[in-house]
Amino acid sequence: MPKTKILWLSCIACNGNTHSFFNYPHLEKFLEDFEFIYHPVINSEYSLEEVVSKDLPCELLLIEGSISQDLKRANKSLVEIIQNYSKRVKKIVTVGTCASFGGIFNESDYEDVSGLHFKNKECVERFKDIKEKSISISGCPIHPEVLVNTLYGIKKDLTLKLDEYLRPKEYFAYTVHNGCVRNEYFEYKIDNHKFGSLEGCMFYDHGCQAPFTHGSCNKILWNEVNSKTRSGLPCMGCTEPDFPRGNFYETKKNMGIPESLPVGVNKRSYLTLAGITKAFTIERLEKKLLDD
Ligand code: SF4
């Protein structure tokens, strides 16, 4: 099968998604099936100037970083480059939360910063004619396997079902809470008392946003080994359109009730459940899992 050609465009970015992509465990195999006509970090056959001035063809346009009207690359307006290439490629993939929703750069001095189709949760009209071709892979940074699996899906002409923010449902229908090894502690409302410890759930005190964040971090492990919450760090909600929501490492509460509740759970249900579970003391869960 011929290699699929990719143009990777870097907009306003810290290159974190590029670095996360490099951690894909089977990168060599990936590069047997795909090639970059241009990538800002990987040695590629052409410079961006050559790609843009000669209109070199490719099948996929990958965009990393937030977009602003005034931004230029290779002496051309970035918006123009995106518009030109979007007509010719099979799919456009936004790589990361900045390219998808504007991300942390929504807070910057750049004017009119946004993601390709969204600024936070709001639709951006600028590129609406190419929305049908677009897929968002959010994350700060992206999960490399989610990006690569999606690219293979496109290469094989699979129909990818997308959510309202154009994210593949296969990876973003779940919450990050799903699959965390601390679920039992969540159910019985047992706090995590120390970062990095094996025991306890971080929703109650340490700001874990996994119950209201969509992603596959606990379904497809990072580096095929672990996830943040499994290793003892709270989820920061980096795949969501309103990232960064703040409250990292701390659960904001009103009258002892977390301000943000799990998706689909209202305050009344939460209080009822919390009341029941608090009535139990499960000794096994109060102890250390491994002796010091
Ligand atoms: S630590 Fe976070 S992801 Fe794990 S069970 Fe608690 S709320 Fe869910």
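Just so it is clear, none of the values below were taken in a lab; they were calculated from the coordinates. Computed from a predicted structure; not experimentally measured. Neighbour counts run over all protein chains shown; Cβ positions are idealised from the backbone, glycine included.
Go through Pro144, Asn120, Phe105 and say which Cα lies farthest out towards the positive end of the charge dipole of the range 104-149; charges sit on Cβ, +1 for Lys and Arg, -1 for Asp and Glu.
Pro144
Under 4.7 Å Cβ to Cβ, no partner at all: give me those cysteines from the chain, in residue order.
If one checks each Cβ against the other cysteines of the chain, Cys11, Cys14, Cys58, Cys98, Cys123, Cys180, Cys201, Cys208, Cys217, Cys235 turn up with nothing under 4.7 Å.
If you place +1 on the Cβ of every Lys and Arg, -1 on the Cβ of every Asp and Glu, and leave all else neutral, what size is the dipole of the range 174-292 about its Cα centre, to the nearest 20 Debye?
260
Please count, across the range 174-292, the pairs of lysine residues with Cα atoms under 23 Å apart that sit 8 or more places apart or on different chains.
26
How much mean residue ellipticity at 222 nm does the chain get from its helices, if each DSSP H run of length 4 or more adds -39500 (n - 2.57) and you divide by all residues, to the nearest 500 deg cm²/dmol? Mind showing how you got there, number by number?
Values: 11 runs with 78 residues, N = 292.
When only DSSP H runs of four or more count, the value is -6500 deg cm²/dmol.
Each residue of the range 189-194 in order: what ³J(HN,Hα) in whole Hz does its phi give by Karplus 6.51 cos²θ - 1.76 cosθ + 1.60, θ = phi - 60°, with x for Gly and Pro?
6, 9, 6, 8, 9, 8
Based on the mean of other Cβ atoms within 10 Å per residue, sort peptides 259-268, 30-39 so the most packed one is first.
Result, highest mean Cβ count within 10 Å first: 30-39, 259-268.
Would you please classify the overall shape of the range 174-292 from the alpha carbon gyration tensor, given that a ≥ b ≥ c denote the square roots of the eigenvalues, rounded means a/c under 1.5, and beyond that prolate means a/b larger than b/c while oblate covers the rest?
Oblate shape, in that a/c is at least 1.5 and b/c is the bigger or equal ratio.
Any chance you could give the angle, 0 to 90 degrees and rounded to 10, that helix 144-155 forms with the longest Cα principal axis of the chain?
Tilt of helix 144-155: around 50 degrees.
Using 1/(1 + (r/R0)^6) with R0 = 22 angstrom and r between the beta carbons of Cys123 and Gln69, what's the FRET efficiency to the nearest 0.05?
Given R0 = 22 Å and the Cβ-Cβ separation, E is 0.85.
Counting other C-beta atoms within 10 Å, which of Glu49, Glu28 has the fewest, and how do the rest follow?
Glu28, Glu49
Quick check for me: using +1 on Lys/Arg Cβ and -1 on Asp/Glu Cβ, what's the dipole size of the chain about its Cα centre, in debye to the nearest 20? Walk me through the numbers on the way to the answer.
Numbers: 37 positive and 39 negative charges, 135 e Å.
Approximately 660 debye in magnitude.
How big is the antiparallel share of DSSP beta bridges in the chain, given as a percent to the nearest 5?
Antiparallel bridges make up about 35 percent of those DSSP assigns within the chain.
Once phi is turned into θ = phi - 60°, what whole-Hz ³J(HN,Hα) does the Karplus curve with 6.51, -1.76 and 1.60 give for every residue of the range 271-276, x standing for Gly and Pro?
5, 4, 4, 4, x, 5
How high is the relative contact order of the range 202-292, given as a whole-number percent (alpha carbon pairs under 8 Å, six or more residues apart)? Mind showing how you got there, number by number?
Details: 83 pairs, mean separation 26.5, N = 91.
Once divided by the residue count of the range 202-292, the mean separation gives 29 percent.
With unit charges on the beta carbon (Lys/Arg positive, Asp/Glu negative), name the residue among Leu261, Pro234, Gly200 whose Cα is farthest towards the positive pole of the charge dipole of the range 176-278.
My answer, from the dipole projection, is Leu261.
Let me check against my output: what whole-number percent is the relative contact order of the chain, with C-alpha pairs under 8 Å and at least 6 apart?
14
Please report, to two decimal places, log10 I(q)/I(0) for the chain at q = 0.06, 0.07, 0.16 Å⁻¹ as given by the Debye formula with identical point scatterers on the Cα atoms and no solvent.
Each listed q maps to, in turn, -0.22, -0.30, -1.22.
Given charges of +1 on the Cβ of Lys and Arg and -1 on the Cβ of Asp and Glu, with all other atoms neutral, how large is the dipole of the range 103-148 about its Cα centre, in debye to the nearest 20?
220
Is the shape of the range 4-170 best called rounded, prolate or oblate, per the rule: a/c under 1.5 gives rounded, else a/b larger than b/c gives prolate, else oblate, with a ≥ b ≥ c the square roots of the Cα gyration tensor eigenvalues?
Because its axes are fairly even, with a/c under 1.5, the range 4-170 counts as rounded.
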